[in-house]
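Notes for the one structure printed next.
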Amino acid sequence: MALNTSQAAAMAGRMLMVAALAVLLCAGAAQAQPVPPPLKIGTVELNRALNESKAGQRSKNILLAAKSQKEAELKVQEQELSKLQDDLNTNIMLSKEAKEQREAQLRERQRDLRQSVQEAQRQLQDQERKLTESVISELNTVVDIVSREDKFDIVLERTAAQAILYSRFKFIDITDKVIERYDNLQGGK
């Protein structure tokens, strides 16, 4: 069945109207859909929060006091060792056997001192690790609270955020707020 020119023109006009109507309907539907808000991304410097929070500073002071105590204990051992060395060097009247005995004693005390130093370092590192883990765990809880209250979609550790070279989203630093909130929650502790 062949269409004449007027029928073909009428059909083409109807098809054009249907296409235009479809475009208008699609555009209207696209406008009717709400545009989602941009992601809200936060960053936090946990290391800074650890160092600047009151609990972090307390932990640091505890470690400094423990270090001072260990150093004082080791200094006493060093002084005793130095005195033994001086006695050995100045006492020329010792018999060969007595001198060998004191040298053996000196070597044993030196070995004991080295072991004491290593043990003190291990204990301090262990104490630092425990205190740091405790404060970081509490800080993570505060980050969670602040993030939920301020409706963040994601919060990154600052060092992780620095790995992102470009983002169309703005990053908001919440470190100060986390420190303030943590200190307030710690209160009288």
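Remarks
- Residue within segment 171-182 that is loosely packed, with under 13 Cβ neighbours inside 10 Å, charged (D, E, K, R) and in a helix (DSSP H, G or I) present: no
- Looking only at residues in segment 125-148 that are among the charged types (D, E, K, R) and either assigned to a loop (DSSP other than H, G, I, E, B) or closer than 25 Å to Asn184 by Cβ (or both), the one that is nearest to the chain's Cα centre (by Cα) is Glu133.
- Counted residues, segment 165-185 - those being hydrophobic (A, V, I, L, M, F, W, C), out of contact with any strand residue (DSSP E or B) (no Cβ under 8 Å at 6 or more places or on another chain) and over 19 Å from Lys54 (Cα atoms): 1
- In segment 150-167, of all residues being within 20 Å of the chain's Cα centre (by Cα) and among the charged types (D, E, K, R), the one that is surrounded by the most Cβ atoms within 10 Å (Cβ to Cβ) corresponds to Arg158.
- Residues located in segment 140-162, provided they are aromatic (Phe, Trp, Tyr) and either under 19 Å from Glu73 (Cα atoms) or free of Cβ contacts under 8 Å to residues at least 12 places away in the same chain (or both): none
- Within segment 121-139, residues that are over 14 Å from Gln57 (Cα atoms) and touching a residue at least 24 places away in the same chain (Cβ under 8 Å) have Cβ atoms under 8 Å from residues that are surrounded by 12 or more Cβ atoms within 10 Å (Cβ to Cβ) and among the basic types (Lys, Arg) in these pairs: Gln123/Lys70; Leu124/Lys67; Leu124/Lys70, counting only partners at least 6 apart in sequence or on another chain.
- Going through (1) of a type outside the set (Phe, Trp, Tyr); (2) in contact with a Leu (Cβ under 9 Å, 6 or more places away or on another chain); (3) modelled with pLDDT of 90 or more; (4) surrounded by 15 or more Cβ atoms within 10 Å (Cβ to Cβ) one by one, Leu81 falls short only on (3).
- Looking only at segment 149-163, residues that are touching a strand residue (DSSP E or B) at 6+ places or on another chain (Cβ under 8 Å) and in a loop (DSSP other than H, G, I, E, B) come to 3 in all.
- Filtered residue count, segment 24-57, keeping only those that are modelled with pLDDT under 95 and over 16 Å from the mean Cα position of the chain (by Cα): 18
The values are calculated or read from the model by the stated rules, or taken from the named source; none is laboratory data. This structure is a prediction, so every number in the text was calculated from the model and none was measured. Here the Cβ is made from the backbone with ideal geometry for all residues, glycine too, and neighbour counts use every protein chain on show.
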